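A.B. asks: The following block contains the structure, expressed as structure tokens.
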Amino acid sequence: MHGASGVRMLLDLVYFAALGVMTGGLYGLLGLGLNLIFGVMRVINVSHGEMLTLGAYTAIVMGLGGVTSPWAAIVAAVMVVTLIGFLIARYLLQPLTVESRIDEQRGMVLSLGLSLVLANLVLAVFGPEYQRVPGKLAEGSIVLGDLIIEKQRLIILIASLVLAAALMAFLRFTLTGKAIRAVGENPEAAQASGISVRKIHLLTFSIGSALAGAAGALITPATYAFPAMGLNYTLYAFSVVIIGGLGSVWGAIFAGFLLGIVESLSVIWLPSGYNTIVGPVLMLFTLIIRPQGLLGVKPGRA
Amino acid sequence: MAPDSAILDVQGVTAGYGGSAVLQDLGLSVRSGTMTGVIGPNGAGKSTLLKVIVGYLRPSQGEILLDGVAVTGLPPEQRIAKGIAYIAQTRSHFPSQTVQENLRLGAYLVKDARLRAERQNAVFERFPILHERRRQLAGQLSGGEARMLEVGRMMMTAPRLAILDEPSVGLSPKLVDVVYGHVRSLCDQGMSFLIVEQNVRKLLSVADFIYALEGGRNRYDGTPHDLSEDGRLAELYLGARG
């Protein structure tokens, strides 16, 4: 009897951990975008979650317009949110640039205001109702004993990882990617190499926003969209960046999975509805025990 | 172009940060193919002057002319495209990228792959150690090697005017001689230099022409020889260093 309940418990752990992995990839992707924007532009982008909201609602508009393919909706979301990101960088952030650096505090306050404005704009246009796109990424589920995983959750995970890998390859192997990293590391030397910090900033913010927008369109077939959804995801993204380490790419991926798994496991012990505090609590613990993040570099050397 | 024409002209520049002027009505010119040095005590505005010339800082008054054409309103990357190069005082490279990637970024504006390969070969010929370490991260180089990488990064654009902010900083006397040896030989090949330096003795021994600043204004200009001969100036700029 005792042994059976032990096995039961273990299976539950595995089951919830697997579900956590499904969401963890998405958190990692969001953290990666936030990390990129911070690392290159030194802007703490509080409106990162709203880029996801805008992606989700682009998908919903496509659905209302009769486009049922979620994949077409994702492409549309990437295009729309890239454009919005570009306009924000060009007309709101660029004016805050002094001597090739964006004023950090002003950038953060601006993005905080922007997140409120965007969430309320979405509320004004689409109303407070929970909405969802008509199509599905895939039908059916994978069943492994008690473990039932919706196929579309698996697709969200894979797509998140593919996008994250594409971003990393872009930054690592292309000249433009190297220029983006160069601007993050040393804007003056980048300019002395003939790189336009202005253009790299526009590109970086557009890419970071596009990734969040893609995430938004990716999840709406599986979860509901609502105007204030962005805030939660901003919190997840911040948690991922702090836990993984500011500026650390692998840290963001690792922390994304860690957060997803711990959040999912918390359902076993915490009353439902409390799972949203897991990210901030993990973040606080990280700040106390290892302020530079799990895979981060100690400040001072950077 | 006449050999003694000015490649750089700084005319009546006033500049500073947040309203307070660090430079006041400053003038300076670099003749083509020469090495021009700028000296002055801390706070004289030497680094600020270089920032204005490279384009990091806009002057509130005055003009910067390159080959007689005003570039005062251009951002740094467009001045680089016109033949200026700049090496900052410290860490003027990208530590988390390899030596080779640093050189490639230095040639960001050079679209011709053959030209890039030629220049990279020239860099590796001049600095064999960089060739040896081409796959290593720049952050793993020693201070002297990093300085050589920065000179190499600069060579990738084949600049006509190189602007160096205290190239001797943090280097042993022996390495200072090595770095200045390379600067001199690049200058002899036709590259013009404008160099700010705390190591006044070293600069006087290699430069063709010297400007001395004080409180953001011109104090003296002339040959290093004349400056050393002038008792009062020599005491002011050389005296403290015995």
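Computed from the coordinates by the stated procedures, all read-outs in this text should not be read as laboratory data. Note that this is a predicted model, so its numbers are computed, not measured. No Cβ is skipped: glycine too gets one built from the backbone with ideal geometry, and neighbour counts run over all protein chains shown.
A.B. asks: If I take R0 = 25 Å and measure r between the Cβ atoms of B:Glu125 and B:Gln198 in this structure, what FRET efficiency does the formula 1/(1 + (r/R0)^6) give, to the nearest 0.05? Mind dumping the intermediate values first?
C.D. replies: Details: r = 30 Å, r/R0 = 1.22.
Taking R0 as 25 Å, the efficiency between B:Glu125 and B:Gln198 is 0.25.
A.B. asks: Using only alpha carbon pairs under 8 Å that are at least six residues apart, calculate the relative contact order of segment B:92-156 and give it in whole percent.
C.D. replies: With pairs under 8 Å counted, the relative contact order is 56 percent.
A.B. asks: How large is the dipole of the protein assembly as shown about the Cα centre if only Lys and Arg carry +1 and Asp and Glu carry -1, each at its Cβ, rounded to the nearest 20 debye?
C.D. replies: 760
A.B. asks: Long-range amide H contacts for B:Ser29: which residues qualify at under 5 Å (H placed 1.01 Å from N, peptide plane, sequence gap of 5 or more or a different chain)?
C.D. replies: Those qualifying (amide H under 5 Å, at least 5 residues apart or on another chain) are B:Val10.
A.B. asks: Which order do the peptides A:282-295, B:39-52 come out in when sorted by mean C-beta neighbours inside 10 angstrom, highest first?
C.D. replies: B:39-52, A:282-295
A.B. asks: Now for a separate question. How many angstrom separate the Cα center of segment B:164-242 from the Cα center of segment B:35-78?
C.D. replies: 18
A.B. asks: Averaging over every viewing direction, what projected area does the convex hull of the Cα atoms of the protein assembly as shown cover, in nm²?
C.D. replies: Reported value for the Cα convex hull: 31.2 nm².
A.B. asks: Still on this structure: Report, in cubic angstrom per residue, the convex hull volume of the C-alpha atoms of segment B:92-217.
C.D. replies: Working: hull volume 15.3 nm³, N = 126.
Cα-based convex hull of segment B:92-217, divided per residue, equals 122 Å³.
A.B. asks: Taking a temperature of 10 °C and a viscosity of 1.306 mPa s, what whole-number D in µm²/s does Stokes-Einstein yield for chain B with Rh from Kirkwood over alpha carbon pairs? Write down the numbers at each step before the final one.
C.D. replies: Details: Rh = 18.3 Å.
For these conditions, the coefficient is 87 µm²/s.
A.B. asks: Among B:Arg153, B:Arg104, B:Arg232, which comes first, then next, by fewest other beta-carbon atoms within 10 Å?
C.D. replies: Numbers: B:Arg153 27, B:Arg104 20, B:Arg232 9.
Ranking B:Arg153, B:Arg104, B:Arg232 by Cβ neighbours within 10 Å, fewest first, gives B:Arg232, B:Arg104, B:Arg153.
A.B. asks: A further question on this structure: Please give the average number of partner chain Cβ atoms lying within 10 Å of the Cβ of each residue in B:81-90, rounded to a whole number. Can you show the working numbers first?
C.D. replies: Numbers: counts 1, 0, 0, 2, 3, 5, 2, 4, 0, 0.
For peptide B:81-90, the averaged partner shielding equals 2.
A.B. asks: While we're here: With chain B treated as a Gaussian network of Cα nodes joined by springs under 10 Å, which of B:Ala107, B:Ala162, B:Ala81 yields the largest mean-square fluctuation?
C.D. replies: Between B:Ala107, B:Ala162, B:Ala81, it is B:Ala81 that shows the largest mean-square fluctuation.
A.B. asks: Sorted by mean Cβ packing within 10 Å, highest first, what order do the peptides B:168-174, A:19-25 take?
C.D. replies: Those peptides, ordered most packed to least, come out A:19-25, B:168-174.
A.B. asks: In whole Å and largest first, what semi-axes does the C-alpha gyration tensor of segment A:54-166 yield when each eigenvalue is scaled by 5 and square-rooted?
C.D. replies: Semi-axes from the Cα gyration tensor: 34, 19, 14 Å.
A.B. asks: When the helices in the protein assembly as shown are scored as -39500 (n - 2.57) per DSSP H run of 4 or longer and the sum is shared across all residues, what 222 nm value do you end up with, to the nearest 500 deg cm²/dmol?
C.D. replies: Per the formula, -18000 deg cm²/dmol.
A.B. asks: Per residue, how much space in cubic angstrom lies within the convex hull of the C-alpha atoms of segment B:92-156?
C.D. replies: 68
A.B. asks: Please arrange B:Glu150, B:Glu229, B:Glu63, B:Glu166 by counting, for each residue, the other beta carbons lying within 10 Å of its beta carbon, fewest first.
C.D. replies: Numbers: B:Glu150 25, B:Glu229 11, B:Glu63 14, B:Glu166 20.
By the 10 Å Cβ count, ascending, the order reads B:Glu229, B:Glu63, B:Glu166, B:Glu150.
A.B. asks: Using Cα positions and a limit of under 19 Å, work out the lysines in reach of B:Lys51, with same-chain residues fewer than 8 apart set aside.
C.D. replies: B:Lys82
A.B. asks: Within 10 Å of each Cβ in peptide B:45-56, how many partner chain Cβ atoms are there on average? Round it to a whole number, please.
C.D. replies: Details: counts 0, 0, 0, 0, 0, 0, 2, 0, 0, 3, 3, 6.
Shielding by partners across B:45-56 averages 1.
A.B. asks: Hey, how much of the P(r) for chain A falls beyond 28 Å, as a percent of Cα pairs?
C.D. replies: Cα-Cα pairs in chain A separated by more than 28 Å: 39 percent.
A.B. asks: Give the relative contact order (percent, whole number) for chain A; include only Cα pairs under 8 Å separated by 6+ residues. Walk me through the numbers before you get to the answer.
C.D. replies: Working: 506 pairs, mean separation 108.6, N = 302.
The normalised contact order for chain A reaches 36 percent.
A.B. asks: Roughly speaking, what is the centre-to-centre gap between segment A:123-175 and segment A:176-216 when only Cα atoms are used, to the nearest Å?
C.D. replies: Comparing the Cα centres of segment A:123-175 and segment A:176-216, I get a distance of 26 Å.
A.B. asks: So, one more: Evaluate 2.2 N^0.38 Å with N set to the residue count of segment A:142-271, then give the Cα radius of gyration divided by it.
C.D. replies: Computed over Cα atoms of segment A:142-271, the ratio equals 1.27.
A.B. asks: From other protein chains only, count the Cβ atoms within 10 Å of every residue's Cβ in A:85-92, then give the mean.
C.D. replies: Averaged over the peptide's residues, the number is 0.
A.B. asks: Can you pull the semi-axes for segment B:179-242, root of five times each eigenvalue of the Cα gyration tensor, sorted largest first, whole Å? Don't jump to the answer; show the numbers that get you there.
C.D. replies: On the way: eigenvalues 98, 32, 23 Å².
Result for segment B:179-242: semi-axes of 22, 13, 11 Å.
A.B. asks: List the residues whose amide H sits under 5 Å from the amide H of A:Leu270, counting only those 5 or more places along or on another chain, with H placed 1.01 Å from N in the peptide plane.
C.D. replies: It is none; the list stays empty.
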